[in-house]
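Chemist: Provided herewith is a single structure, encoded as structure tokens, for subsequent inquiry.
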Amino acid sequence: MRPWPLQRLFRFSFVLLLLPEFAAGDAVATPGEATDLIVTGYDSGSGHIAFTYVPACGAADHHIEFGALDGVASYAYSGQVCGIGTSGVYATFDPGPGSFFFLVVGDDGVGVEGSYGTSFIGGVSAERPQDALDPACPRVQDLSQRCDGAFVPALAMSAFRPSSTSGAVFQRVEIPENEELTPGAGIRVNGDDDNVNGQADRDESTVTGENDLIEVVLAADPQVPQTGYEYVLSRTSANIRVWSAPTKNTELLAGGEAILNFTSPTLTFWVENPTGGAADLEMAARALSDGAIVASDQVHFRPFTSIVIALGGESQVPADPPLEPTNHGTFQLAITLRQKGYDVAMYDEDVVPASGAGAAYNEVVSAIQRRAVSGVAIFGYSHGGGSTNDLSRRLDTMRASIGVFSIDFTAYVDGIDNDSDFDLDPETVLPPSTGYHANYYQHPGCGFLQLCGAPVAGSDRDVNVTATPWGSALTHFTIDDAPTILQELLDQVMTNVAR
Amino acid sequence: MSLVDRFVFVVLLATSAAAAAEPARDPQDQERIAAAVAAVVRQDDGAKEAIETLANSGRARRAALLLQLSLYLERATGTEQAMAGALVLNQLAFTPAEKLDAVEPHLLSAGPALRRVFTELLATIDRPDGGAPDFRVYEARIRGKQPPPAGLILYLYEVSPDAALASMERIYGGEPASRGDIEVLRKVLPSSEVSHDLSGDELVWARAALDAIALDPAWWRRLYAAAVLREQPSLATPEITARLQRDSHSLVRQAAATR
């Protein structure tokens, strides 16, 4: 007669597993745990063991895992019986002569198996290890979405940096997960008029050319929530509105929240900040019974309070990525600042004529008057340095007609006055009313056919790089790419300019 | 006029010049210029010699050399070529007359990039220290030519319609029939930094003034109306635009057609 292991050893449970991505409406659970395994008989003539069990939820089939009894402590499975069905009754189990332990595992009838149940392993309750050899029934265990466990879907909400306004086009960049709440996603107050129809964009439901909404992408795994749960999108205040398209179109959260139906693996929406103020957007899975949140992801939206203008050197074309990655330091810095959460516009310095008027000026004025921006930062290299002063001067001159703002930061990198493309005079004038000015210049003697910057009286940081160990070999044509300067400028902006 | 508008204006001016061809590049000049620029970028000892070679090659043909340098700068890529090219230009010390001789004949036929170089060269004459342009330096040249030098005149209106009109009044004389209307425009427009920021009243006054100026007997005042319209597109009405586009003077038609 064969010895039998303790009956409690054969009590197991099943788990439903949810596959990562499905077409809408597909069942997503995978088997849970088969439980209450009870040996009901042994036929000494045939050697058959009869038993009953409670089938695992989500199982399309079950199989038996067994092994020699002296291997039970290490779960040394040595055999399988496949396809014992889902009736909860089996009467012809015959592992052969010897002493054995066995258990019943639910599977999907194809290739996925559920839980082997839990036991005290190493002093703690833990899942029994699976049979990795699978000599008869090849199955891969997946417990990530077991149907008999707690429903904990994986929810992800990604937000992106703002699209470009009047400057060069920036790449689509996702905000890092660890910045979604602090500092959060920067968003422009949408009081401007991108479709130039005389109406503030916030007051319209469709805006051709709209560029101030923030893209958010939602993903849920499983795509269809478990029965008894729903996915919901909500906001903490009306400071943000959520639209179906980058040009607005259909509003989603007019009532404060919306039930999400993932008809595709991801859903994409656009967030607007109509009049200012911060708010959070939350995606959650919640129980229908009591509204308990079982999983969520959140993005904090904060209105931009500043704008950063970057002006390249003569004939440098702004682009993201830079057209010459190791030779367009000004644009590298602009791109980095955008990735740090600033609202940045980068331009060919020729958009700023000697009068300071033009596209960059209009962008700043629009930001102040219509997007609730109060801080301005401007920096430029070579003629872009001269243009930095031209733009600052015009902003300061026109201050009364523009509104309330401060020029928090300015910088020249080997700044050259920009009265024309052929101006070679160093820019030596401190931008009027600047809160912090950095001036980096090279000055190796400035003899025949040498182009040099110059000191700027009143600068908060005035560095002749030629006199430094790290910058002695820099020329006008290489100074804008010096890592030390780019790092210092980055630090200075982040210290002096609120995002 | 924003720089973007100005660029479009320039593009369309160039287009309106129809089949007029850009000046040809002289391979030898281009090679010498490129060598000089490269030496300046490298900041090496060969820069002085390269500049002297270039200067000597153009000693008896300064305007032609400047034109070739302009053609080189038209295709400058990056700060290295642009600023080193400016250093070379500065070292060659062209006079305002030499610059005008090189540029003026080609203003209408130049494509956008070359015209950009030309306008920046002229800026060194009429705005050497930035600020408001002073076009008096061109008045003798314009006064002596019949028909008027179209490219140069359009350049003046492109840079500053007000300064251009002032020069035209000095050259061609006469009391502006629409002086009051011009004053209205000058009062209204500076108060608006962005063209579509004009208030309702300002828009009404400005359009009425512009309409009157567009009917002035003097072509250079109607040209002023066309130039203002380019700076402030929100002032446009189908009637004003159509009238200027059908103007009897070709310069007015050209300026209006660039809308």
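Chemist: Suppose all protein chains stay in the model; what accessible area per residue would a 1.4 Å probe give for the protein assembly as shown, in Å²? Intermediate results must be reported in sequence, preceding the final value.
Modeler: Numbers: 29690 Å² over 758 residues.
Dividing the accessible area of the protein assembly as shown by its residue count gives 39 Å².
Chemist: I would also like to ask the following. Round to the nearest 0.05 the FRET efficiency obtained for A:GLU177 and A:GLN199 when R0 = 51 Å and r is the Cβ-Cβ distance. Don't jump to the answer; show the numbers that get you there.
Modeler: Values: r = 37 Å, r/R0 = 0.72.
For A:GLU177 and A:GLN199, the calculated efficiency is 0.90.
Chemist: Right, another one. Counting only protein heavy atoms and a 1.4 Å probe, tell me what percentage of chain A's accessible area is made up of carbon and sulfur. Intermediate results must be reported in sequence, preceding the final value.
Modeler: Values: 10170 of 18810 Å².
Carbon and sulfur together cover 54 percent of it.
Chemist: Ok, one more. Return the distance in nm (one decimal) between the two label points of a simple spin-label model at A:THR118 and B:LYS48, each offset 7 Å from Cα along Cα→Cβ.
Modeler: According to this spin-label approximation, the distance is 8.7 nm.
Chemist: Here's something else I'd like to know. Computed on protein heavy atoms with a 1.4 Å probe, what is the summed buried accessible area for the chain pair B and A, in Å² to the nearest 100? Please report the intermediate quantities before stating the final value.
Modeler: On the way: alone 12340 and 20290 Å², together 29690 Å².
When B and A are taken together, about 2900 Å² of accessible area is lost.
Chemist: Counting Lys +1, Arg +1, Asp -1, Glu -1, what net charge surrounds A:ALA60 among other residues with beta carbon under 12 Å of its beta carbon? Let's see the in-between values first.
Modeler: Values: positive: A:ARG139; negative: A:ASP61, A:ASP107, A:ASP108, A:GLU113.
Overall, the nearby charge balance is -3.
Chemist: Let me ask you something else. Taking a spot 7 Å from the Cα of B:ASN56 along the direction of its beta carbon, which residues of the range A:441-467 have an amide N less than 20 Å from it?
Modeler: Correct set: A:449.
Chemist: As a test of the formula, what do you get for the protein assembly as shown when each DSSP H run with n ≥ 4 contributes -39,500 (n - 2.57) and the sum is divided by the residue count, at 222 nm and rounded to the nearest 500 deg cm²/dmol? Display every interim value, and only then the final one.
Modeler: Numbers: 20 runs with 232 residues, N = 758.
Estimated from H runs of four or more residues: -9500 deg cm²/dmol.
Chemist: Can you tell me, using C-alpha contacts under 8 Å and at least 6 residues apart, the relative contact order of chain A as a whole percent?
Modeler: Numbers: 1319 pairs, mean separation 53.6, N = 499.
Contact order relative to length: 11 percent.
Chemist: I've got another one for you. Two-decimal Rg/Rh of the protein assembly as shown from alpha-carbon positions, Kirkwood Rh? Spell out each step's value before the answer.
Modeler: Numbers: Rg = 37.3 Å, Rh = 31.4 Å.
Ratio value, two decimals: 1.19.
Chemist: Mind running the shape call on the range B:136-257? Use the C-alpha gyration tensor, a ≥ b ≥ c as the square roots of the eigenvalues: rounded below 1.5 for a/c, prolate if a/b tops b/c, oblate otherwise. Intermediate results must be reported in sequence, preceding the final value.
Modeler: Numbers: a/c = 1.84, a/b = 1.61, b/c = 1.14.
Because a/c hits 1.5 or more and a/b exceeds b/c, the range B:136-257 counts as prolate.
Chemist: Label A:ASP396 and B:THR77 with points 7 Å out from Cα along Cα→Cβ: what is the distance between them in nm?
Modeler: 3.9 nm
Chemist: Evaluate the distance, in nm, between pseudo-label points positioned 7 Å from the Cα of A:CYS446 and of A:SER166 along their respective Cα→Cβ axes.
Modeler: 3.2 nm
Chemist: Let me ask something else. How would you classify the range A:373-499 from its alpha-carbon gyration tensor, with a ≥ b ≥ c the square roots of the eigenvalues: rounded for a/c under 1.5, else prolate if a/b is greater than b/c, otherwise oblate?
Modeler: Details: a/c = 2.50, a/b = 1.48, b/c = 1.69.
The shape class here is oblate.
Chemist: Next up: Taking the range B:37-127, which trypsin sites (Lys or Arg not before Pro) meet the DSSP loop condition and have no more than 13 other C-beta atoms within 10 Å?
Modeler: On the way: sites: B:ARG42, B:LYS48, B:ARG59, B:ARG61, B:ARG62, B:ARG75, B:LYS99, B:ARG115, B:ARG116; in loops: B:ARG59, B:ARG61, B:ARG75.
Hits after loop and neighbour filter: B:ARG59, B:ARG61, B:ARG75.
The values are calculated or read from the model by the stated rules, or taken from the named source; none is laboratory data. All values derive from a computational prediction rather than experimental measurement. Here Cβ is always computed from backbone atoms with ideal geometry, including for glycine, and neighbour counts include all displayed protein chains. In case anyone asks, the SASA skips ligands and DNA or RNA and just uses the protein heavy atoms, side chains included. Shrake-Rupley method; radii C 1.70, N 1.55, O 1.52, S 1.80 Å.
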